[in-house]
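Quick notes on the structure that follows.
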Amino acid sequence: MISRYTRPEIGAIWTDEARMEAWRRVEVAACEEMDGPTEADLDAIRAAGFTVEAVHERERVTDHDVAAFVDVLQRGAGLAGRWIHFGLTSSDVLDTALALQLQQAGEIVLAGGRELVGVLAERAREHVETVCAGRTHGIHAEPTTFGIKLAGFAFEAHRNLQRMERAFAQASIGAISGAVGTYSATSPEFEERTLARLRLAREPVSTQVVPRDRHADLVQAIALAGAGLERLATEIRHLQRTEVREVEEPFRSGQQKGSSAMPHKRNPITSERITGLARVLRGNATAAVENVALWHERDISHSGAERVILPDSTILIDYLHHLAIRVVRGLVVHPDRMRANLDLTHGALFSQRALLALVESGMQRDDAYRIVQEDAQRAWDTGVPLRELLAQRELGLDLDAIFDLAHYTRHAREIVGRLDLIAPVQAPA
């Protein structure tokens, strides 16, 4: 992933240096569980170092990265180096080291996901009674509250967090089973001991590689989390439109520039960035699914794509989490605009209340529907309030009750209160 979208902590996990250090950890752990090496050998093996440059130089000869790495590490260990990679195959090192990297990446990604849930819950509670128009198909439907809206995003973020927790756990799996996974040069007990040193679970049947459905599951969970962030970003983008202007992304007045040409511009650029990068995650998920079908016990058709999509997907979802956290935490909310927008249809969004009141009075539903539909459309088209049009019909309705906004918010605290299940309110320090 390009540096523009890479936060340093997670980026450090996916450097060449970090990847090869994970390989070294696997090789050392395996040697520590072998019967052959002496303590002096193990000291030499543990002390053996490498440089990325030396490995790359050797790879120009071997045309095999792991073989090149093993050659460099063996030279660094001297005579004890003969035990490095003893009985192992490349996939033992690659897949087990990848599990270590995914484990580290997961800690960072999941921390960001938890923070996002907390920020969304906090802002939802803040706006539990901030009335705004609910929209379906982009059209005013009925009043809701901005707190209820944000609570829905909080629960979605929590579901995505749970999916990623499970996905990272099931993908952080090691295998030290040798060529075609039969332990012909080692033993299941050796694998178990080595993985225990690395604090990894074992793949039950590895066939030389850890099955790629595990990695596909992870990348799909990440892509789904990205889709949830895109839904949030899309909502903010719509609500920030000039004609709506119910919310705005944080903007550093006097410093930030919205346009190189138009000084008045304050654009939802962060939400747009989230939207665009979420598409990359979905593309990566497609590649991850394609990686599942390998030939027989193994091939390396997955390898090249994986070197791109696994680092990029974890780096991107970490970045998107923190963009979303920043936007939600600094989101500027305009309750006055929300209230003004409620009046755009001149009361038409109270139509269901009027319909039900007529049905309760004894009128057939279709007759009631036609009356309210006609007046609601007239209100919208002419600007005459729906309340006045209904009053002119002298239907005997309690118009105060029908046009009372409190009816739509009376359960808001109960709905938003359900956030306590996933993000309990923190007691003041």
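Observations, loosely collected:
- Per residue, the chain reaches -20000 deg cm²/dmol at 222 nm when only DSSP H runs of four or more residues are counted, each adding -39500 (n - 2.57).
- Overall Cα dimensions of the chain, principal axis frame, Å, largest first: 101, 52, 48
- Interchain or long-range residues, amide H under 5 Å from A141's placed H: G134, R135, T136
- One compactness figure for region 150-192 is 2.02, namely its Cα radius of gyration divided by 2.2 N^0.38 Å.
- Other residues within the sphere of radius under 11 Å centred on the Cβ of T51, judged by their own Cβ, net out at -3 (K and R +1, D and E -1).
- The amide H of A201, built 1.01 Å from its N in the peptide plane, has G174 as neighbours under 5 Å, considering only residues 5 or more places off or on other chains.
- Principal axis box of region 169-237, alpha-carbon based, largest edge first, Å: 59, 23, 12
- Anisotropy class assigned to region 111-265 is prolate, per the alpha carbon gyration tensor with a/c at or over the 1.5 cut-off and a/b larger than b/c.
- Folded to 0 to 90 degrees: helix 52-62 orientation relative to the chain principal axis, Cα: 70
- At most 12 other Cβ within 10 Å, DSSP loop - GluC sites (Glu not before Pro), region 330-410: E394
- Here the Debye sum runs over all C-alpha atoms of region 1-114 as equal scatterers in vacuum, and log10 of I(q)/I(0) at q = 0.10, 0.14, 0.24 Å⁻¹ comes out as -0.34, -0.62, -1.32.
- For the chain, built as a Gaussian network whose Cα springs stay under 10 Å, the top-fluctuating residue of W380, W295, W14: W295
- Global form of region 242-376, assessed from the alpha-carbon gyration tensor, a/c cut-off 1.5: oblate
- For region 170-249, the list of GluC sites (Glu not before Pro) that fall in a loop by DSSP and count at most 16 other C-beta atoms within 10 angstrom reads E243.
- Rounded to whole numbers, the Karplus 3J(HN,Hα) couplings from phi for region 317-331 are 5, 4, 4, 5, 3, 6, 5, 5, 4, 5, 5, 5, 4, x, 4 Hz, using 6.51 cos²θ - 1.76 cosθ + 1.60 with θ = phi - 60°, and x at Gly and Pro.
- Shape index of region 348-402: Rg/Rh, with Rg the Cα radius of gyration and Rh the Kirkwood radius from the inverse mean 1/r over Cα pairs, equals 0.92.
- Ranked by how many other beta carbons lie within 10 Å on average, peptides 310-316, 163-169 from highest: 310-316, 163-169
- Overall form of region 304-429 per C-alpha gyration tensor (a/c, 1.5; a/b vs b/c): prolate
Every number here is computed from the coordinates shown, using simple stated rules; none is lab data. This one's a predicted model, so the numbers in the text were calculated from it and none came from an experiment. Backbone-built Cβ (ideal geometry, glycine too); neighbour counts: all protein chains shown.
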